[in-house]
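Written out below as C-alpha cells is the structure these notes cover.
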Amino acid sequence: MAESSLAPVPRGSAPLPEWIRVRPPRGAAYPDVKGILGELRLGTVCREARCPNLPECWSAGAATLMLLGTDCTRRCTFCAVTTHWPRGAVDRTEPERVAEAVRRWGLRYVVLTQVCRDDLDDGGASVMAETVRRIRTASPSTLVELLVGDLGGREASLRAVLDSAPDVLAHNLETVRSLSAEVRDPRAGYDRSLAVLRAARRLGPEELVTKSSVMLGLGETDPELDAALRDLRDAGVDLLTLGQYLRPSSSHRPVHRYVTPEEFGRWEARAGTLGFSATAAGPLVRSSYRAEELYRAARTDRGG
Ligand code: SF4
C-alpha cells in the first residue's frame, strides 16, 4: 500500500520538538473499538503503524482498518508494518468481519487501507471490492474511503476496486520524486503512483473523490515538494494530507528534520492556491486525519 498514515511514534531517537505531542488515551469509546477489533480479529493501521493519533481517534470511535491481513509484501524504509510473503493466502471471511465492525461502531465514515499483496495476481483488488460491497449492504449510509497501494500498476485491478464504488479513492505519493527510490520499496515508484491517481480519475465515476498524502521531513527541498503538489494536482487529485515523518525505530530511515507548524500552515495555503479542494497539514497529520471533513469539503467544492 501506501501509507503516510503509517508514520509512527518515534522510539529511542533524538528529543522531539515541543509541537509533537502524543495525547494520552481518553474517552469512553476507546475500549469499545479495542474490544470489537479483538473479537473480530481485525488489524488497524493505527496500531500496526504505531500512529501518534491513535488515542485521539479511538476515543472518538474512529479507526482505520487494514485489509488483506496485517503483513505487507513490501519493505518501505519509513514503515513499521511487518514484511512477509504469505504465498497467496487470503482469509475470505475478512470482508464480512470488517463490515460487521463498521456496523457495530455505527460509523458515518470509514477508512479502509490495504497492505501491499504482490503475492496475489490482482494485488488484493477482489477482496477490497468485496469488503466495500459488504459494508454497503450492512451499513448503507456509511461513507467509504479506500486507500490502496499501486496494485502492481494493473489497471484491471484498479477498475475492479472502483467498480465497488468507494466514495474516496486514495493512494499515497509518500514523498518527492528525488527521494522516492530510497524511501519506498523498489516495487513502488513516483510515476507509478501518479499513474494510479490519474487512472482513478479517468476510470472512476465523476463523483469519485481522489486523495493523496506526502510526508515531510525526509530530506525534501521546498521546490521538490512544490513540484510534487503540482504533479498531484495535474493528476486530478482533490484532497491532500501533509504530515511529519516520524521514525518507527532505529532500524528505519532517520528523520532529516522536524518541520514547524508554521511551515505546515504555509504548505496548506499553497495547496489551496494550487486548487486542492481541501488539505490537512500538520506535524501529526496522517492520511486518514479528519477524513470525513476533507471529503465533505470536496463535495461542497463540486457543488454536491
Ligand atoms: S507498501 Fe510500504 S508503506 Fe505500505 S504497508 Fe507496505 S511497507 Fe508499509
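Classify segment 29-301 as rounded, prolate or oblate, taking a ≥ b ≥ c as the square roots of the eigenvalues of its Cα gyration tensor: rounded when a/c is under 1.5, otherwise prolate if a/b is larger than b/c and oblate if not. Write out the running numbers ahead of the final one.
Working: a/c = 1.31, a/b = 1.28, b/c = 1.02.
Rounded, since a/c falls under 1.5.
Going by the alpha-carbon gyration tensor, a ≥ b ≥ c the square roots of its eigenvalues, is segment 59-156 rounded (a/c under 1.5) or, if a/c is not under 1.5, prolate (a/b greater than b/c) versus oblate?
Numbers: a/c = 1.99, a/b = 1.56, b/c = 1.28.
Prolate.
Of the residues Ser249, Ser212, Ser193, which exhibits the maximal mean-square fluctuation in a Gaussian network model of the chain defined by a 10 Å Cα contact cut-off?
Ser249
Contour minus end-to-end for Thr82 and Glu96, with contour as 0.36 nm per residue of separation and end-to-end as the Cα-Cα distance? Walk me through the intermediate numbers first.
Working: separation 14, 0.36 × 14 = 5.04 nm, distance 2.39 nm.
Between Thr82 and Glu96, full extension yields an extra 2.6 nm.
By counting other Cβ atoms within 10 Å of each Cβ, how are Arg50, Arg177 ranked from fewest to most?
Values: Arg50 20, Arg177 16.
Ordered from fewest to most neighbouring Cβ atoms within 10 Å, Arg50, Arg177 come out as Arg177, Arg50.
Readers should treat all values here as calculations from the given coordinates under stated rules, not as data from a laboratory. Fair warning: this is a prediction, and the values are worked out from it, not measured in the lab. All Cβ positions, even for glycine, are placed from backbone atoms using ideal geometry, and neighbour counts span all protein chains on display.
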